[in-house]
Amino acid sequence: MNACPCGSGKDLDACCGPVLAGAPAPTAEALMRSRYTAYTKGAVDHILSTYTPKAAASVDRASTEKWSKESTWLGLSIVATDRGGPEDDEGTVEFIARFREGPAGQEQAHHEKARFVRGGRDRRWLYADGKMVGPPPARREDRPGRNDPCHCGSGKKFKKCHGAASA
């Protein structure tokens, strides 16, 4: 079995292979999976052909190709999907693509909530835009949280005591 790089557990020929070869993706998630697989295979033409015209205007082919070919792709996780089914015109797919840049690079994660739309005369799924999803902001350990007791010993919450002065 030639496992599909997208992590679906299916054979490449039964999963992303047909989409990479030009078949329309049946869902937004299927297109997302095929785009990840295209990055792993260096299939930059597929990546570029699956952007909306507006999104494609800001894509640099050379840097996309470099990232695709110089990275070691470690796995794709689909976090959530919202709509994007065969009968929908729009959908979102939240995903995490893990990779390592260069031969000795540190493992990284690209966590994004991507929006897909149907486009063109054939109404294929296309990548419209996305927003990076980041880790929650780190809390400084030297400062109490808003609802923690104030460090001065007043018995009040920090936000009602010394926290009110710094807000």
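A compact table of results
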| read-out | value |
| --- | --- |
| Hits among aspartates and glutamates - C-alpha to C-alpha of K156 under 20 Å, sequence gap 8 or more where chains match | E141, D142, D148 |
| Segments 22-29, 103-110 sorted - mean Cβ within 10 Å per residue, highest first | 22-29, 103-110 |
| Among Q106, T64, L76 the positive-end extreme of the charge dipole of the range 21-143 (Cβ point charges) | T64 |
| Fully extended contour minus Cα-Cα distance, from I78 to E65, at 0.36 nm per residue | 2.4 nm |
| Rule-of-thumb Rg ratio for the range 8-75 [Cα; 2.2 N^0.38 Å; N residues] | 1.09 |
| Reciprocal mean inverse distance between Cα atoms of the range 1-125 - Kirkwood radius, Å | 14.8 |
| Accessible area per residue, Å², the range 5-78 with all protein chains present, probe 1.4 Å | 47 |
| Sorted peptide list for 77-85, 92-100, criterion being average Cβ within 10 angstrom, highest first | 92-100, 77-85 |
| Student exercise, the range 1-78 dipole from Lys, Arg, Asp, Glu Cβ charges, in Debye to nearest 20 | 120 |
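The values are calculated or read from the model by the stated rules, or taken from the named source; none is laboratory data. Here the structure is a predicted model, which is why all the values come from computation and not from measurement. All Cβ positions, even for glycine, are placed from backbone atoms using ideal geometry, and neighbour counts span all protein chains on display. Accessible surface is based on the protein model in full, side chains and every heavy atom, while ligands, DNA and RNA are left aside. Shrake-Rupley method; radii C 1.70, N 1.55, O 1.52, S 1.80 Å.
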